[in-house]
1. Of the residues that make up the stretch B:87-104, is at least one away from chain A (no Cβ under 14 Å), surrounded by fewer than 24 Cβ atoms within 10 Å (Cβ to Cβ) and not aliphatic (A, V, I, L, M)?
2. Hey, does the stretch B:52-63 have a residue that's among the aliphatic types (A, V, I, L, M) and either surrounded by fewer than 21 Cβ atoms within 10 Å (Cβ to Cβ) or on the phi > 0 side of the Ramachandran plot (or both)?
3. State all residues of the stretch B:127-141 that are more than 15 Å from residue B:70 (Cα to Cα) and in a helix (DSSP H, G or I); if no residue qualifies, say none.
4. Going by what's in this entry, would residue A:136 be described as modelled with pLDDT under 95, within 30 Å of residue A:78 (Cβ to Cβ) and surrounded by fewer than 22 Cβ atoms within 10 Å (Cβ to Cβ)?
5. I need the full set of residues from the stretch A:145-161 which are in contact (Cβ under 8 Å) with a residue 12 or more places away in the chain and assigned to a helix (DSSP H, G or I), in order please.
6. Would you point out which residue out of A:218, A:200, A:145 is of a type in the set (A, V, I, L, M), farther than 30 Å from residue B:323 by Cβ and surrounded by 18 or more Cβ atoms within 10 Å (Cβ to Cβ)?
7. Right, residue A:71: part of a loop (DSSP other than H, G, I, E, B) and either touching a Pro at 6+ places or on another chain (Cβ under 8 Å) or over 24 Å from residue B:167 (Cβ atoms) (or both) or not?
8. For the stretch B:297-312, state whether one or more residues are β-branched (Val, Ile, Thr), closer than 19 Å to residue B:160 by Cβ and assigned to a helix (DSSP H, G or I).
Amino acid sequence: MQVWTKLFAKSPFKPLIKHAEVVLETVETLERALELWYDKKYQEMEKIAVEVDNLEDIADRIKEEIRDSLTTKLFMPVNRNDILEYLHMQDKIADAAEDTAKWLLIKRPKEIPEDIKEIILKMGKESIKAAKLVHTAIVQMDTVIESGFSEKEIEKEYEFIKEIESVENKIDGLDTKLMKLVFENEDKLSWGDGFYILNIARTLSNISDKAKDAAERIRLMMNK
Amino acid sequence: MFTDPWLLVTIAVGLFMAWAIGANDAANSMSTAVGAGAITPKQAVIIAGVLEFTGAYFFGKSVTETIRKGIINPSQITDPTVLIYGSIAALLAAALWLLIATKFGLPVSTTHSIVGGVIGYGIVYAGMGIVNWGKIAQVVASWILSPIFGAIMAFVVFKAISKTILQSSTPVKSAKNYSPIWIGLAFVVIGAMFYIKVMHGKSLLIALRCGVLAGFIAFLISFVILRRNFRTADPYIGVEAIFKRVQVLTSAYVALSHGANDVANAIGPVAAVYAVATTGLAGMKVPVPRWILAMGGLGIAVGVATYGYKVMETVGKKITELTNTRGFSIDFSAATVVLIASWLGLPISTTHTVVGAVIGVGLARGVKAINKNIVKDIIISWFVTVPVAALVSGIIFKILMVM
């Protein structure tokens, strides 16, 4: 009796968008934590950083659900492996945010030079941009399918992908600048603080790295 | 003439079959429109009720074979009671199989159910020799042809819609301009069928002219109606809103073509028994009185209203992934293939065509996810239909003969 309800499986794109929303929230929460960290409000910062961890858990759960539903038995307009790989990358964005939060929780630093702190804050802000763009890109992928793979919509999607790549590039530049600054200030920083800062920067730049990888997968989805 | 109690039994069983066709098949054919949110289950029941009846009564075959699709050799049946018992057995088996399939959610073909039923009693009566294996080959061919025609047509229709409407720079405007053409095309087919079936015209040229005239009128009317504003932020939602309206019409188109094509499965055997009861043993073909066609149409309509309603209600709640442009492509293609095929005399099954059309849209990258294993289940059920219906019919026939 319900053959049509069984024949049409649930679209994987709605849950993918949901997942992207949670990932974005994770990155936004991390940025809030970074701002508190910048203002040296460590106690509040630690509370928010724990929240990042919780959000990452939620993203993980959604990821598992999507994976379970994407069996080989589905016939879809895009390659199943591309979707799974994309999901993996999108989830890594949240993982990277969680890694940064972990490093923020590991210790309360002594004096850190203002310019270093500013770069870290900037990296956090740019990471939100990357996560927002990933969300926009997956929503746009849904539109691309809705439009019957219209050239116009594919063009728009390429624009988003390019933007993600340029954000990644920018964060890469900030990361390099920061590393240099840390070594320029090696006399003022303790060994521990230097290690701590470098790891925060590394995990932060990971966020946009993974965003770029996710964007790369969307490119493949359209080219099936 | 109604003194023969077996005739009354046949009529009752025929009504039961018509009811089962309405409950399973008609509901399935209209489910895409309900699933895409173009019509509510209640509207579907009204549209299906009226148009299945119209299709059956006006477009249904006025002459039917004594034996459905000539699947067994009627000249080997010398005893009229065999034809009567056989028809009852075949109808009963087919209707029961349809009900079982409905229960398990499998869209099986009503045509193949009744063909299976006829083979069943034929073999029990006269052995394998009575079966017209060439005709069986035709039925097997239709398992393959129906979904393939449905898929090709739907693939082309969806590609055409996405090229002309979805991919244009102003999708909503294009939808307003192009969808009346699709409506017009549907009416070309309906108009031509009206000339051939209702006015019993023979000339293909006049049929085409009738069709083009009907199509043109439908084009103008829908063009004017769709001038209304469909303003939305997202152009694709605007397009879907327009196709939502168009789909109301195509769902009627599906119901009409289904009624025209499938009513024979319920009333063919009844007409055969009626001919035997009134004029003695009949030949290869018997006329179908209008009242029997009406009865078939009514049975289907009641089937839709009673059980089909439930089917469509569930479907309406569950398929939200199907958008109107996709639903339209499926409906339009299936109905057109069925109407043209029934005119050409090709053995086409509505159900198989609709399923094929869904896959066709999927191949055009139009559907976000189709369950491949359900497609497999459906195809298996198609192969099982004939043998199961044959077996059940054979058993019922044996019991009737012993009694």
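The values are calculated or read from the model by the stated rules, or taken from the named source; none is laboratory data. Note that the structure is a prediction, hence the values are computed from the model and not measured. Here Cβ is always computed from backbone atoms with ideal geometry, including for glycine, and neighbour counts include all displayed protein chains.
1. No.
2. Here is the first cut: in the stretch B:52-63, the residues among the aliphatic types (A, V, I, L, M) are B:56, B:63.
Of the ones still in play, those that are also either surrounded by fewer than 21 Cβ atoms within 10 Å (Cβ to Cβ) or on the phi > 0 side of the Ramachandran plot (or both) are B:63.
Looking for residues that are among the aliphatic types (A, V, I, L, M) and either surrounded by fewer than 21 Cβ atoms within 10 Å (Cβ to Cβ) or on the phi > 0 side of the Ramachandran plot (or both), one finds at least one in the stretch B:52-63, hence yes.
3. First, the residues of the stretch B:127-141 that are more than 15 Å from residue B:70 (Cα to Cα): B:127, B:141.
Hit for the stretch B:127-141 is B:141, nothing else.
4. Details: modelled with pLDDT under 95: no; within 30 Å of residue A:78 (Cβ to Cβ): yes; surrounded by fewer than 22 Cβ atoms within 10 Å (Cβ to Cβ): yes.
So residue A:136 fails the test.
5. First pass over the stretch A:145-161, keeping only residues in contact (Cβ under 8 Å) with a residue 12 or more places away in the chain: A:145, A:149, A:153-154, A:156-158, A:160-161.
Correct list: A:145, A:153, A:154, A:156, A:157, A:158, A:160, A:161.
6. Values: A:218 fails: farther than 30 Å from residue B:323 by Cβ; A:145 fails: farther than 30 Å from residue B:323 by Cβ.
Checking each option against the conditions leaves just A:200.
7. Details: part of a loop (DSSP other than H, G, I, E, B): yes; either touching a Pro at 6+ places or on another chain (Cβ under 8 Å) or over 24 Å from residue B:167 (Cβ atoms) (or both): yes.
Judged against the criteria, residue A:71 is a match.
8. Of the residues in the stretch B:297-312, the ones β-branched (Val, Ile, Thr) are B:300, B:302, B:304, B:306, B:311.
Still in the list and also closer than 19 Å to residue B:160 by Cβ: none.
The answer is no; no qualifying residue exists.
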